[in-house]
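Here's the structure we're looking at; comments come further down.
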Amino acid sequence: MRNPPVKPVQSSPPARPLPVLLLGLGLLAAVAGCASSSQRSVTQPAPAAAPAPIPQWATASLTVGELLAKGGRQLDGPQVRIAVTGAVMEGAAGDVFWREMSFPDGKVTGQSKMGDGVVIDYEGAWWVDEQGRRCWMNNQQRGPAPTCAYLYLIGDRYYSGESDASHKSARLEARRIRK
């Protein structure tokens, strides 16, 4: 008579000491941005994935004076509202590439991709202020301050900057706006 096959006994993973477990949970909370203070989503790419380069158009920069000399113009408040409402706006700052959509109800949602491949989702509110600047505020930061910028147009290319048309030497950064 044959003996029935012996099934291997499955053992549970070794118990981890409580301090190690708490340290791991603390690090996880820090990386996630402490869910109690921020609900932004942070995503890491697969280890083999190389970060996407910043698009060539996003690296373009002009001064206000250069843009005006080439026939460009600063948009006023109603023109800014028309340009961004329901549109996807993209841009870059250093090694960060971002893309966001401005909804007609004043909500904005977006995503920033860092040079190292980390992706952060965000949301907030947007509006056009009395100076004609497009402003927005990230609702997921503690004590957020609004960010406001003027919008310029030359041909079919948009640029954005902190200064109005009276500051000719102020730098403008390229923006892509698509509906």
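The values are calculated or read from the model by the stated rules, or taken from the named source; none is laboratory data. Given the structure is predicted, the values throughout are model-derived calculations rather than measurements. All Cβ positions, even for glycine, are placed from backbone atoms using ideal geometry, and neighbour counts span all protein chains on display. All accessible areas refer to the heavy atoms of the entire protein, side chains included, with ligands and DNA or RNA removed. Shrake-Rupley method; radii C 1.70, N 1.55, O 1.52, S 1.80 Å.
Students often forget the sequence filter, so: which aspartates and glutamates lie under 20 Å Cα-Cα from Lys113 once same-chain residues fewer than 8 apart are removed?
List returned: Glu90, Asp95, Glu100, Asp121, Glu123, Glu173.
Is the shape of segment 54-179 best called rounded, prolate or oblate, per the rule: a/c under 1.5 gives rounded, else a/b larger than b/c gives prolate, else oblate, with a ≥ b ≥ c the square roots of the Cα gyration tensor eigenvalues?
It is oblate, given that a/c is not under 1.5 and a/b is not larger than b/c.
Heavy-atom accessible area per residue, segment 44-179, 1.4 Å probe: how many Å²?
Heavy-atom SASA per residue in segment 44-179 reads 55 Å².
Each label point is 7 Å from the Cα along the Cα-to-Cβ direction; what then is the distance between the points at Gln79 and Val118, in nm?
For the pair Gln79/Val118, the computed spacing is 3.9 nm.
Considering amide H positions built from the backbone, and no H for Pro or chain starts, which residues 5 or more places from Arg175, or on another chain, come under 5 Å of its amide H?
Long-range HN contacts for Arg175: Tyr158, Tyr159, Ser160.
In whole Hz, what ³J(HN,Hα) sequence does segment 117-134 give by Karplus (6.51, -1.76, 1.60; θ = phi - 60°), x for Gly and Pro?
x, 5, 10, 10, 8, 8, 8, x, 10, 9, 6, 10, 7, 5, 8, x, 8, 7
Can you tell me how much longer the chain between Asp95 and Ala145 gets when fully stretched, taken as 0.36 nm per residue apart minus their C-alpha distance, in nm with one decimal?
Between Asp95 and Ala145, full extension yields 15.8 nm more.
Along its three principal axes, how long is segment 135-179 when you only count alpha carbons? Whole Å, largest extent first please.
Projected onto its principal axes, the Cα set of segment 135-179 covers 37, 29, 11 Å.
Suppose R0 equals 35 Å. What FRET efficiency, 1/(1 + (r/R0)^6) with r the Cβ-Cβ distance, do Gln56 and Asp105 give to the nearest 0.05?
So, using R0 = 35 Å, E works out to roughly 0.55.
At 0.36 nm per residue, minus the direct Cα-Cα distance, what do His167 and Lys179 gain on full extension? Give it in nm, one decimal, please.
Extending this stretch completely gives an extra 1.3 nm.
Segment 97-161 to segment 55-80: how many Å between their Cα centroids?
17
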